[in-house]
There are 2 protein chains.
Amino acid sequence: MLPFYNLENSIAVIIDIFRATSSICYGIHNGAKAIIPVSTIVECLSFSGNGSLLAAERDGKVVDGFDFGNSPFSYTVEKVKDKTVVLTTTNGTRAIQLSQDAKKVVIGSFLNISSLCDWLDQQEDSVVLVCAGWKANFSLEDALFAGAVVEKLQDTFSIHDDGAVAALDLYKCAKSDLPKYLEKSSHSERLKNLNIGKDVAFCLQFDVLDTIPVYEEGRLVKMER
Amino acid sequence: MLPFYNLENSIAVIIDIFRATSSICYGIHNGAKAIIPVSTIVECLSFSGNGSLLAAERDGKVVDGFDFGNSPFSYTVEKVKDKTVVLTTTNGTRAIQLSQDAKKVVIGSFLNISSLCDWLDQQEDSVVLVCAGWKANFSLEDALFAGAVVEKLQDTFSIHDDGAVAALDLYKCAKSDLPKYLEKSSHSERLKNLNIGKDVAFCLQFDVLDTIPVYEEGRLVKMER
């Protein structure tokens, strides 16, 4: 859907809750110098030997031979502090690259939602919420996060998109118990099969950090505010 | 998004509530021999002179020089009985053509929803609900119709898609007063500017007809049951 939006004068918020954007927020908060999103495994491998950590996820699993994938527990202080991580994921990386025309590209997750929304509130540009989805399909958890952002911003922004209206109402249906609501999600079923319930629970925590990763010259770095 | 679904063994239900699929249901019910969906205005014009009615809508308006567009009030018995209509619309036609790999392609609208769902209930194939949207973006009224279909079919079908889960919950938010809920829709705003409130009200009527249009050899015709 993204190609149909005009992003040029907008801030794009990239959303891939399970798990890419949650892990990016956590990794940058934990002192990673930068996270470099790349599209392909080959591109990721081309960074080997220069001291970067190589992270590759496909279909929810770490690709054989890589340091790690996109589990948030791979982005702890011990693992990423002062390191550069080169990351390729199924959906999140693609969403970042589709958004390159935006005035600014930032990374959203429940982990940093209030800091992100406070910052967005201070900007004068339009905001486009880019739900990465799963292999380009609609993803419930990403829509719910978008709805949570719309709820926080609705008094200062006007809503120009049916997707935002729908996301807000969905979030209202779900917010009293997000984990329970998400049990209906096809992604949740898939994640359960991958045995990463701990990751899912981690990614559904609100406001455990105040870092906003921003995309600059091909790298995700900590926004200086 | 559609290209990511495997349609081969599925029934595709095409949904473009405001107004293409509502008008197609009404026109076929009112005795049109066939409605031929085509992509371009040029293709539509190529049918001129053989007795067909030519219908072309772009950006919600009848294209200059055409018999009519996609207002349901152009598809009355007086206008379409025993006629073939060649129709090109902004979104609906494209959705039909993207769905050509499906085992069967049928047309849905609130006007025929119960007949459609009764028929779907008797089939053994998967059902893919194809929301045409507006220029490939999410459209609230199409999602609500999808939710209404999911509500009717949920006891006999299993749900394999987050979009269906979300559509169902949205429909539950909206169903007590669909017209009021849709006032939040960006499309509703656009339609108001086009001065077609009567069309919108018409398209939100449940079960005023029992015809199911089906796509056969490039033409939409009445399904024989």
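The values are calculated or read from the model by the stated rules, or taken from the named source; none is laboratory data. The structure presented is a predicted model; accordingly, all values stated were derived computationally and were not measured. Reconstructed Cβ throughout: ideal geometry from the backbone, glycine too, with neighbour counts over all protein chains shown.
Remarks
- Checked against the criterion of being of a type outside the set (F, W, Y), touching a residue at least 40 places away in the same chain (Cβ under 8 Å) and either surrounded by 19 or more Cβ atoms within 10 Å (Cβ to Cβ) or over 28 Å from A:T88 (Cβ atoms) (or both), region A:147-156 has at least one qualifying residue.
- Of all the numbered requirements in (1) in contact with a Cys (Cβ under 6 Å, 6 or more places away or on another chain); (2) modelled with pLDDT of 95 or more, A:Y171 misses one, and that requirement is (1).
- Filter result for the condition that a residue is more than 25 Å from B:E183 (Cα to Cα) and within 14 Å of chain B (Cβ to nearest Cβ), over A:A146, A:A132: A:A132
- For region B:92-109, the tally of residues that are buried (at least 24 other Cβ atoms within 10 Å of the Cβ) and either over 15 Å from the mean Cα position of the chain (by Cα) or not in a strand (DSSP E or B) (or both) stands at 6.
- Region B:35-91, residues that are basic (K, R) and either under 17 Å from B:P213 (Cα atoms) or at pLDDT 95 or above (or both): B:K79, B:K81, B:K83
- Residue among B:T84, B:T76, B:T88 that alone is touching a Pro at 6+ places or on another chain (Cβ under 8 Å) and among the polar types (S, T, N, Q): B:T88
- Of all residues making up region B:166-210, the number that are at negative phi, free of Cβ contacts under 8 Å to residues at least 12 places away in the same chain and either buried (at least 16 other Cβ atoms within 10 Å of the Cβ) or not acidic (D, E) (or both): 6
- Of all residues in region B:171-180, those satisfying the criterion of being over 20 Å from the mean Cα position of the chain (by Cα) and either of a type in the set (F, W, Y) or more than 10 Å from chain A (Cβ to nearest Cβ) (or both) are B:S176, B:D177, B:K180.
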